[in-house]
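Colleague: This is the structure, below, for whatever I ask next.
The values are calculated or read from the model by the stated rules, or taken from the named source; none is laboratory data. No experiment lies behind these values; they were computed from the predicted model shown. Every residue, glycine among them, receives a Cβ derived from its backbone with ideal geometry; neighbour counts consider all protein chains shown. These area figures cover heavy atoms from the full protein model, side chains too; ligands, DNA and RNA do not enter into them. Shrake-Rupley method; radii C 1.70, N 1.55, O 1.52, S 1.80 Å.
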Amino acid sequence: MNEIVLAGIVLALLIVLLVARSATLRRPTEADLEDLEDLEELEDDELLEEDLDTELAELEAELELEEEVEEALEEAEAEAPPAPVEAPPSRWARGLAKTRGALGNTLKALKLRDKMDADAWEEIEEALIRADVGMDATERVLEALRDAKTSPEELQDALRRELVDILEVGDTTLNTRPGEVAVWLVTGVNGVGKTTSIAKLGRRLKDDGFSVVLAAGDTFRAAAIEQLGTWATRLGVHMVKHAPGADPGAVVFDAIEHAKAKKIDVVIVDTAGRLQTKTNLMEELKKVHRIADREAGGVSEVLLVLDATVGQNGLSQAKAFQEAVGATGVILTKLDGTAKGGIVIAIQEQLGIPVKAVGVGEGIEDLENFDPEAFVTAMLE
C-alpha cells in the first residue's frame, strides 16, 4: 500500500515538472521572427561589405598597375626617335605615273631574271619604244648597256644613268636679261596648251621676283585674246592687245615699248596656233621674231609647246618650228595624261632642243623647271 502511494507521488511530481518545462518553451511571436530576420540581414550586409572591400582593393591594385604601364610607355616614346613620315609623291612622280607604270613594271619583272638574255633585251627595247623614247635613243642606250654586260640587278640604275646623260646635254634654264627686256615667244599648234603654259610661266616669273607683261599676239582668234586677258587679270599683270585681226607684229612692238617704259623684266608673247605645214603662217611667225629681235635687241627664248600625248608625232612639229624660228626650248604639256613620257628623250636626242619646262598637272602651279635627274628617276622608279 505504501509503495503504491509513493509511486503516485513520483508520477505527480513528473507531471508538474513537464508542465513547467512546457511553459518555458513557448511558441515564437512575430516580433521574435522579425528580430531573427534583422539579424540575418545584418550578417549578410557584413559579408557583402567584406566582399566589396576585397573587390575595391583589387581594382585599386589594377589601376596602379595600369598607371605604371602608361608611365613606362610614355617614357619609352619620349626616348624613341620619331617614326619616319612618308613623304607625299612629288609632282614629277604624279605626272609620270602612267609612263612609270608601263616602263617600271617591265624593269621589275626583268630584275627577277637570272641573266639578260635575248628575250630580256627585247622586252626592255619594246618597253622603251612604247614609252616613246624613240628608236635612235633606244638603240644608243641598249648598245651601251649590252657593252657594259649589264645584269638584271644592275639594269634599272644603269638605264637611269644612260637616260640622264642624254638629257643633261643643252641649256635647260629659262633665260632672262638682267637690266634689259627679255622677250619669250611662245609657239605651237592649236590645242597644245599654249595659253595655259603662258599663264604658268607668268606665275613662275612673278614668284621668282620678275615683272611680266603679256602680249596677245594671236590676233586671229578673239577668244584667244579674251582667254589670255583672263589669265592676265588672275596673275595681276598687264596685257598688251589690239583688235582681232590686227597685225601680230604691231602687238609685239607695242608690248616691248611698254616693257621698256615701265622697266618690266619679261615680255611673254602668245602667237597664233598654226600647223607646221602652213607656209604663210610660219612666214608670219618669222616676221614676229624679227620685230622682237630688233626692238628688244634679241629674243631670249623661243619656246615650243608640245602636247606629250601625241608622242612621236610631236617631233615633226618640233622640226618645222626649229627651222622657222630656231626654237630654244620645249615646254611639254599634259605629261600627266600619257604613258609616252619618253618623248622628252626623243626630242633631245633627235633635235638637240632641250626641254625647259614640263606641265605635270592642271593647276597654275603645276609647271616644273626641267630636271633630268628627277624626271628619269620618276619615270623608272
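Colleague: So which of Leu128, Leu159, Leu142, Leu103 is at pLDDT below 85, among the aliphatic types (A, V, I, L, M) and assigned to a helix (DSSP H, G or I)? Show your work before the answer.
Modeller: Values: Leu128 fails: at pLDDT below 85; Leu159 fails: at pLDDT below 85; Leu142 fails: at pLDDT below 85.
Answer to the selection: Leu103.
Colleague: What are the residues in segment 176-208 that are outside any helix (DSSP H, G or I) and either of a type in the set (A, V, I, L, M) or touching a Phe, Trp or Tyr at 6+ places or on another chain (Cβ under 9 Å) (or both), if any? Quick ask: steps written out before the conclusion?
Modeller: Kept after step one, since they are outside any helix (DSSP H, G or I), are these residues of segment 176-208: 176-193, 208.
Of everything in segment 176-208, those that are outside any helix (DSSP H, G or I) and either of a type in the set (A, V, I, L, M) or touching a Phe, Trp or Tyr at 6+ places or on another chain (Cβ under 9 Å) (or both) turn out to be Thr176, Val181, Ala182, Val183, Leu185, Val186, Thr187, Gly188, Val189, Val192.
Colleague: How do the pairs read when you match residues in segment 181-210 that are farther than 18 Å from Thr233 by Cα and touching a residue at least 12 places away in the same chain (Cβ under 8 Å) with residues anywhere that are part of a loop (DSSP other than H, G, I, E, B) and hydrophobic (A, V, I, L, M, F, W, C), using Cβ under 7 Å and keeping only pairs 6 or more apart or on different chains?
Modeller: Val181/Ile264; Val183/Val299; Leu185/Val299; Val189/Leu275
Colleague: Here is a follow-up. Identify, from the list Arg204, Arg221, the residue that is modelled with pLDDT under 95, open to solvent by 40 Å² or more (accessible area, probe 1.4 Å) and under 29 Å from Phe370 (Cα atoms). Walk me through how you get there before you give the answer.
Modeller: On the way: Arg221 fails: under 29 Å from Phe370 (Cα atoms).
That would be Arg204, the only listed residue that is modelled with pLDDT under 95, open to solvent by 40 Å² or more (accessible area, probe 1.4 Å) and under 29 Å from Phe370 (Cα atoms).
Colleague: Same structure again: Given (1) open to solvent by 20 Å² or more (accessible area, probe 1.4 Å); (2) more than 31 Å from the chain's Cα centre (by Cα); (3) closer than 18 Å to Gly134 by Cβ, where does Gln312 come up short, assuming only one miss?
Modeller: For Gln312, the exception is condition (2).
Colleague: Another question, if that's okay. Could you list all residues from segment 229-275 that are part of a helix (DSSP H, G or I) and open to solvent by less than 30 Å² (accessible area, probe 1.4 Å)?
Modeller: If we filter segment 229-275 for residues that are part of a helix (DSSP H, G or I), which is where we start, we get 229-235, 248-262.
Within segment 229-275, Gly229, Ala232, Leu235, Pro248, Gly249, Val251, Val252, Ala255, Ile256, Ala259 meet the criteria.
Colleague: Here are some residues: Ile345, Ile353, Ile291. Which one is in a helix (DSSP H, G or I), more than 30 Å from Ala261 (Cα to Cα) and touching a residue at least 24 places away in the same chain (Cβ under 8 Å)?
Modeller: Ile345
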